[in-house]
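The values are calculated or read from the model by the stated rules, or taken from the named source; none is laboratory data. None of these values were measured; they are calculated from a predicted model. Because the Cβ atoms are built from the backbone with ideal geometry, glycine has one as well, and the counts that use them run over all protein chains shown.
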Amino acid sequence: MEKKLLEIKDLYAGVAESGKEIIKGLNLTINAGEVHALMGPNGAGKSTLAYLLAGKADYAATSGNVTFAGQNLLSLKPDERANAGLFLSMQYPVAIPGVSTNNFLKHAVNAKRKYMNLPELDAAEFLKLLRASAQELGVTTEMLKRELNVGFSGGEKKRMEMLQMQLLQPKLAILDETDSGLDIDALRIVAEGVNKLHTSENSLLIITHHLDLLNLIKPDAVHIYYDGHIVQSGGKELAEKLEQSGYKSFVEA
């Protein structure tokens, strides 16, 4: 029997301050172990959905329900959502001057362990875990010593997010245009990191414009997203059709 991990029912949401509606009657179910791709033109509301699920204060739901791992997701604070197993890989990761990457990752891992009633890792235990994960993703020791994302290239920032994801082991990872600005080598490293994380118990929601990433991370379902809701769902063939003909045919249909 399929185990529902994320269930979105008739969701309407938008900008919290102005009340501008962006998500309009969205329905989506992601079961444990599934990979879903969300594709749509700029301005369709894809990133808004990602931020709303992660709990960014700029956005608010006006009606509908979102259930994640059996909990009412919309009632949880951002840190509670993260601890419950939700992870967002942002399109433009934020640089945090003055915070070393190594310390940031250590605090993040131990915060999650504390939430799960597990003992915190000491410096030696964490370093062993970090080095093993970093090596797999091509993250250098020099990168770990630097301030978080300060002076990082686009590819380095994305690798760092994949490292965070591997260390935190989320139940659902939302990748918001993780392939943006990556060359083919960096794209392969990111995809390999994502594929290693993926198991029968956790899931992925990939927001992308391009087929390249979906050739490396095989989706179970592809959804065409337009004007705040899904207009068509199917398999990878939808992404291939989109690559050939663009969004116009889907929107007109």
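What to note about this one:
- Candidate set from segment 101-141 (those that are β-branched (V, I, T) and surrounded by 17 or more Cβ atoms within 10 Å (Cβ to Cβ)); member that is farthest from E80 (Cα to Cα): V139
- Filtered by the rule that a residue be closer than 18 Å to A186 by Cβ, in contact with a Leu (Cβ under 8 Å, 6 or more places away or on another chain) and in a helix (DSSP H, G or I), segment 129-158 gives S133, A134, L137, L144, G154, G155, K158.
- Those residues of segment 68-84 which are more than 20 Å from D58 (Cβ to Cβ) and assigned to a helix (DSSP H, G or I), in sequence order: N83, A84
- Test: residue in segment 170-192 that is without any contact (Cβ under 8 Å) to a residue 12 or more places away in the chain and either among the basic types (K, R) or in a loop (DSSP other than H, G, I, E, B) (or both): no
- Options A57, A13, A61, A37: the member that is under 13 Å from H229 (Cα atoms) and not in a helix (DSSP H, G or I): A13
- Of all residues assigned to segment 8-27, none qualifies as being under 21 Å from L213 (Cβ atoms) and of a type outside the set (D, E, K, R).
- Just one of the numbered conditions (1) of a type outside the set (K, R); (2) part of a helix (DSSP H, G or I); (3) within 12 Å of the chain's Cα centre (by Cα); (4) modelled with pLDDT of 90 or more is not true of L163: (3).
- Among (1) out of contact with any helix residue (DSSP H, G or I) (no Cβ under 6 Å at 6 or more places or on another chain); (2) without any contact (Cβ under 8 Å) to a residue 40 or more places away in the chain; (3) not basic (K, R) - the single one A221 does not satisfy: (2)
- Subset of segment 166-186 [more than 15 Å from the chain's Cα centre (by Cα) and closer than 20 Å to G40 by Cα]: G181, L182
- Taking the criterion of being at pLDDT below 95, small (G, A, S) and exposed (fewer than 14 other Cβ atoms within 10 Å of the Cβ), the residues of segment 33-87 that qualify are G43, A57, G70.
Conditions (1) assigned to a strand (DSSP E or B); (2) closer than 21 Å to L49 by Cβ; (3) under 21 Å from the mean Cα position of the chain (by Cα), marked per residue:
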{"position": "H209", "(1), (2), (3)": "no, yes, yes"}
{"position": "N215", "(1), (2), (3)": "no, no, yes"}
{"position": "L242", "(1), (2), (3)": "no, yes, no"}
{"position": "F250", "(1), (2), (3)": "no, yes, no"}
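- Residue in segment 210-226 that is at positive phi and modelled with pLDDT of 90 or more present: no
- For I230, the conditions (1) within 15 Å of A44 (Cβ to Cβ); (2) modelled with pLDDT under 90 are fulfilled apart from (2).
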